[in-house]
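A short write-up of the structure that comes next.
The values are calculated or read from the model by the stated rules, or taken from the named source; none is laboratory data. The structure presented is a predicted model; accordingly, all values stated were derived computationally and were not measured. Quick reminder, even Gly has a Cβ in these numbers, built from the backbone with ideal geometry, and neighbours come from all protein chains shown.
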Amino acid sequence: MKLQDKVAVVTGGARGIGRAMAQGFAAEGATVVIADRLVDDAHATAEAIGERATSVALDVTDPASIDAMVKTVVDRCGRIDILVNNAAIFEMAPLEEITPESYDRVFGVNVKGLLFTLQAVAKQMIAQGDGGKIVNMASQAGRRGESLVAVYCASKAAVISLTQSAGRALIKHRINVNGIAPGVVDTPMWDEVDALFAKYENRPIGEKKRIVGEEVPYGRMGVPEDHIGAAVFLASADSDYVVAQTLNVDGGNWMS
């Protein structure tokens, strides 16, 4: 029980990787808060996890919603020990077709939302006075550019950079900030990604997903559960001396 009696907030925790991490944290003894704008899905996930879980509405693009989430969690649970910044969106377009509106949407969630959620929770952790763990979800897309995914790649590169800066800034408070960079993961979001590749690369539905899965050195796409071990490690005392790092969990796609 590596997380016994800890309180963990997982943004975007209603589905996919966030849901798997929440389940893993609860299995390790944490009380888990599923924070998501998909309120019904968040409630269903909390119900499925059981008595160690609860849900709260969160729109990371709204500072008032972030502040309300922190207050609600503290009112219910007394404190926050762990934050997983998992909420994110994906959009794709050729470089010449990128719009300011798309840029604002992606950076508004993936960078601005992540930063100000981190800030609000870090303030609470500092006030508590006994440290904490923050895990930012990046991506292998943040390690390299991709011709059709410029804005998303840039947003995840910013997550890696923010993880480094926040890690350096907050470790004096014994708040460890680290990240996880998944590769290609079989979630409902990747079905949307596959459809966009089908549109822009003139492929049949499902072909891009099959190809990227076959190209993973491990031999398959990731699944949400592949990320639980890394998340528990970074959220637990096992990682006390790990600061400002982003761990690749991608089946060998990227080496750094």
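Report yes if some residue within region 141-152 is of a type in the set (A, V, I, L, M), closer than 29 Å to Ala8 by Cα and in contact (Cβ under 8 Å) with a residue 40 or more places away in the chain; otherwise report no. Talk me through it step by step, then tell me what you get.
The first filter runs over region 141-152 and keeps only residues of a type in the set (A, V, I, L, M), leaving 141, 148-151.
Among the residues that remain, those that are also closer than 29 Å to Ala8 by Cα are: 141.
Next cut, in contact (Cβ under 8 Å) with a residue 40 or more places away in the chain only: none.
Taking every residue of region 141-152 in turn, none turns out to be of a type in the set (A, V, I, L, M), closer than 29 Å to Ala8 by Cα and in contact (Cβ under 8 Å) with a residue 40 or more places away in the chain.
In region 32-80, which residues are outside any helix (DSSP H, G or I), surrounded by fewer than 24 Cβ atoms within 10 Å (Cβ to Cβ) and in contact with a Leu (Cβ under 8 Å, 6 or more places away or on another chain)?
Arg37
Mind counting the residues in region 82-114 that are among the β-branched types (Val, Ile, Thr) and part of a strand (DSSP E or B)? Don't jump to the end; show me each part of the working.
If we filter region 82-114 for residues that are among the β-branched types (Val, Ile, Thr), which is where we start, we get 82, 84, 89, 98-99, 106, 109, 111.
So of that shortlist, the ones also part of a strand (DSSP E or B) come out as 82, 84.
Residues that pass the stated criteria total 2.
Please verify whether Arg210 is on the phi < 0 side of the Ramachandran plot, more than 16 Å from the chain's Cα centre (by Cα) and among the basic types (Lys, Arg), treating the condition exactly as stated. Steps first, answer last, please.
Values: on the phi < 0 side of the Ramachandran plot: yes; more than 16 Å from the chain's Cα centre (by Cα): yes; among the basic types (Lys, Arg): yes.
Taking the combined requirement at face value, the residue satisfies it.
Could you tell me whether Gly129 is surrounded by fewer than 17 Cβ atoms within 10 Å (Cβ to Cβ), modelled with pLDDT of 95 or more, within 23 Å of Val242 (Cα to Cα) and over 15 Å from the mean Cα position of the chain (by Cα)?
Numbers: surrounded by fewer than 17 Cβ atoms within 10 Å (Cβ to Cβ): yes; modelled with pLDDT of 95 or more: yes; within 23 Å of Val242 (Cα to Cα): yes; over 15 Å from the mean Cα position of the chain (by Cα): yes.
Yes: the conditions hold for Gly129.
Within the bounds of region 187-203, is there any residue that is part of a loop (DSSP other than H, G, I, E, B) and among the basic types (Lys, Arg)? Walk me through how you get there before you give the answer.
Applying the first criterion (part of a loop (DSSP other than H, G, I, E, B)) to region 187-203 yields 187, 202-203.
Remaining after also requiring among the basic types (Lys, Arg): 203.
Scanning region 187-203 turns up at least one residue that is part of a loop (DSSP other than H, G, I, E, B) and among the basic types (Lys, Arg).
Quick one: Ile134 ticks every box in (1) part of a helix (DSSP H, G or I); (2) buried (at least 22 other Cβ atoms within 10 Å of the Cβ) except a single one, so which number is it?
Tallying (1) part of a helix (DSSP H, G or I); (2) buried (at least 22 other Cβ atoms within 10 Å of the Cβ), Ile134 fails exactly one: (1).
For the structure I just gave you, tell me whether Gly206 is in contact (Cβ under 8 Å) with a residue 24 or more places away in the chain and more than 27 Å from Glu101 (Cβ to Cβ). Before you say what the answer is, go through the steps one by one.
Numbers: in contact (Cβ under 8 Å) with a residue 24 or more places away in the chain: no; more than 27 Å from Glu101 (Cβ to Cβ): yes.
In short, no.
Go through region 186-214 residue by residue and tally those that are touching a helix residue (DSSP H, G or I) at 6+ places or on another chain (Cβ under 6 Å) and among the hydrophobic types (A, V, I, L, M, F, W, C).
The qualifying residues number 2.
Taking region 221-238 on its own, how many of its residues are over 18 Å from Val159 (Cβ atoms), in a helix (DSSP H, G or I) and not β-branched (Val, Ile, Thr)?
Final tally of qualifying residues: 7.
So, Ala127, is that one hydrophobic (A, V, I, L, M, F, W, C), touching a Pro at 6+ places or on another chain (Cβ under 9 Å) and farther than 20 Å from Val249 by Cβ or not?
Details: hydrophobic (A, V, I, L, M, F, W, C): yes; touching a Pro at 6+ places or on another chain (Cβ under 9 Å): no; farther than 20 Å from Val249 by Cβ: yes.
No.
Does Val177 fit the bill of being outside any helix (DSSP H, G or I), touching a strand residue (DSSP E or B) at 6+ places or on another chain (Cβ under 7 Å), in contact (Cβ under 8 Å) with a residue 60 or more places away in the chain and more than 14 Å from Met137 (Cβ to Cβ)?
No, not satisfied.
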